[in-house]
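No value in this document is a laboratory result; all are computed from the given coordinates. Since the model is a prediction, treat every value here as computed from it, not as a measurement. When we count neighbours, we look across all protein chains shown, and the Cβ atoms used for this are built from the backbone with ideal geometry, even at glycine.
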Amino acid sequence: MRAVASVLHLDLDAFFAAVEQRDKPSLRGKPVVVGGVGGRGVVSTASYEARKYGVRSAMSTREARSRCPHAAFLSGRFHAYRSTSERVMAVLREASPLVEPLSLDEAFVDLATARLPDLEIPTVTALAEQLRRQVEEVTGGLTASVGVGTSKFIAKVASELDKPDGLVVVPPGTEMDLLRPMHVSVIPGVGPATTERLRRAGIHTVADLETVSEDELIRMLGTAHGHALHQLGHARDDRPVVPERETKSVSVEGTYDTDLTDRRLMAALLTRQARNVSDRLRTSGLAGRTVTIKVRLHDFTTISRSTTLGSPTNTAGTIGRLAVGLLQDLETTGGVRLLGVGVSGLADWIQEDLFGDTDDADEAAKAGDDLDADAPSTAGAKTTTHTWAPGMDVEHAEMGRGWVWGSGRGVVTVRFETAETPPGPVRSYRIDDPDLRPWRPESGTGATLAP
Ligand SMILES: [Mg+2]
């Protein structure tokens, strides 16, 4: 915890849904649900209009449809989210070199390294307002909620307080006044299992937690978790803002057609990936000290967790055991769409880093497949038959650009509009109409370099 409020957390509001409403004028002000549209699909993001009907992230799409049948159910466009996110991150990096993205729509910014005359409340408040205005400008009208405080924990809590389109600055010294009435689950790392253990001990709020000694928490939850909870329960958080850096690593990852929820299956997949990583390290004569897992949740939030050994390893058993151990501390009940294992801290480096998302187009294609579990995978298929996923961008030889409103019975229905047009007309075509094709931006993000 710092003496000044110099950690900023910015979170775009209902990000995927907001991008869809920006690019599809007829959906502005209407309920929009982005996620898996197939039989076992899960909601990634609901617009605020859909949330009024009780639609939430991680809910099954089936339930979302029954709560809000008139919403637009879209399968998601990763390329649009990624390029919008990149513009936002660029704005933040202009303000400070220390930016830590947490996912496409969320980042911490260290204001201690920003060019500011001081870090007093009026100064950081003005900067936060300026960033919100700039984000709205570069994204074509998306709103962000911002929190500023003396630590990551407080900044993140603050950004949630006045969503959407809000700004909350927590003055130094008032952290516990803010936290005390809140439920313990506001603390990072307190998932359903920990909440339940605390509840059984009569601990519900942060105020309740404040009265419990560190020794007692360690007895209840183990050394690492007990200590961390005691610190955070007193608003003590010294975690630094860490910018994404290039890491020397060998890693393997996989994306899955349906969101994984079975922990044993996830452990088995990590174990297999660990063997794969081990093989590659051995053939390159390498070993590393840090084992990392990467987990992408149903809502595209990407989490990595790592642990560092005293000496380098390249044995499959050790890497696998550490990877499975790291998974155990993560909350994955909403489903997992990507898992990966990596080893870094290598003595030597081969020019390969699968965690670096170097193949954006491939990644986006996989993400698209993931979002629609029932759609046949067209990856690699040399055929002109397209999968017309609801919401996807298309271009018609005469009508120009639009998006797939729906398809079935050999017919695809398209609404012809873009971010720059008024709400446009709807037309239907045969699914194999040669005049209709998927549209992707030609340059910029989403494109991949030729090998
Ligand atoms: Mg958000």
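Rounded to the nearest 500, what is the chain's calculated 222 nm mean residue ellipticity when only DSSP H runs of at least 4 contribute -39500 (n - 2.57) each, over all residues?
It comes out at -10000 deg cm²/dmol, rounded to the nearest 500.
For the chain, please report how many Lys pairs fall under 18 Å Cα to Cα, leaving out neighbours fewer than 8 apart on the same chain.
For the chain, the number of qualifying lysine pairs is 6.
Taking square-rooted eigenvalues a ≥ b ≥ c of the alpha carbon gyration tensor, is region 193-266 rounded, prolate or oblate, where a/c under 1.5 means rounded and, failing that, a/b exceeding b/c means prolate?
Oblate, since a/c reaches 1.5 and b/c is not below a/b.
Count neighbours as other Cβ atoms within 10 Å of each site's Cβ, and list the GluC sites (Glu not before Pro) in region 223-283 that are DSSP loop with at most 12 such neighbours.
Here the GluC sites (Glu not before Pro) that fit, given the DSSP loop and packing criteria, are E244, E246.
Charges at C-beta only: +1 for Lys and Arg, -1 for Asp and Glu. How large is the resulting dipole of region 210-319 about its Cα centre, in Debye rounded to 20?
That gives a dipole near 640 debye.
For region 126-214, what is one quarter of the convex hull surface built on the Cα atoms, given in nm²?
Quarter of the Cα hull surface area: 6.9 nm².
Check which residues have an amide H placed less than 5 Å from T255's amide H, if you skip close sequence neighbours.
none
Compute the separation of the alpha-carbon centres of region 131-188 and region 314-335 and state it in Å as a whole number.
31
With r defined as the distance between the Cβ atoms of M399 and E442 and R0 fixed at 22 Å, what FRET efficiency is calculated, to the nearest 0.05?
The formula returns an efficiency of 0.70 here.
Using 1/(1 + (r/R0)^6) with R0 = 60 angstrom and r between the beta carbons of T283 and A112, what's the FRET efficiency to the nearest 0.05?
Result of the calculation: an efficiency of 0.85.
To the nearest 10 degrees, how steep is helix 316-328 against the longest Cα principal axis of the chain, on a 0 to 90 scale?
Approximately 90 degrees, to the nearest 10.
If you split all Cα-Cα distances of region 81-144 into 5 Å bins from zero, what percentages do you get per bin, shortest first?
4, 19, 29, 26, 15, 6, 1
Which order do the peptides 171-179, 260-268 come out in when sorted by mean C-beta neighbours inside 10 angstrom, highest first?
Descending packing order for the listed peptides: 171-179, 260-268.
Label points 7 Å out from Cα along the Cβ direction at T261 and V242: separation in nm?
3.2
Can you give me the C-alpha center-to-center distance between region 75-118 and region 16-39, rounded to a whole angstrom?
Value for the Cα centre distance between the two parts: 23 Å.
Using unit Cβ charges (K, R positive; D, E negative) and no other charged atoms, how large, in debye to the nearest 20, is the dipole of the chain about its Cα centre?
Here the size comes out at about 1100 debye.
Which percentage, to the nearest 5, of the DSSP beta bridges contained in region 17-149 is antiparallel?
Looking only at bridges with both residues in region 17-149, the antiparallel portion is about 75 percent.
In what sequence, highest mean first, do 409-419, 224-234 appear when ranked by Cβ atoms within 10 angstrom?
Per-residue mean Cβ counts within 10 Å order the peptides as 224-234, 409-419.
State, to one decimal in nm, how far the label point of H70 lies from the label point of E137, with both points 7 Å from Cα in the Cβ direction.
Rounded to a tenth, the inter-label distance reads 3.8 nm.
Let me know the Rg and Dmax you get for the chain when you use only its Cα atoms, in Å.
When restricted to Cα atoms, the chain yields Rg and Dmax of 23.2, 72 Å.
Taking only Cα atoms, what is the 0 to 90° angle, nearest 10, from helix 360-371's long axis to the longest principal axis of the chain?
90
Apply the a/c threshold of 1.5 to the C-alpha gyration tensor of region 45-185 and tell me whether it is rounded, prolate or oblate.
Since a/c reaches 1.5 but b/c is at least a/b, the shape of region 45-185 is classed as oblate.
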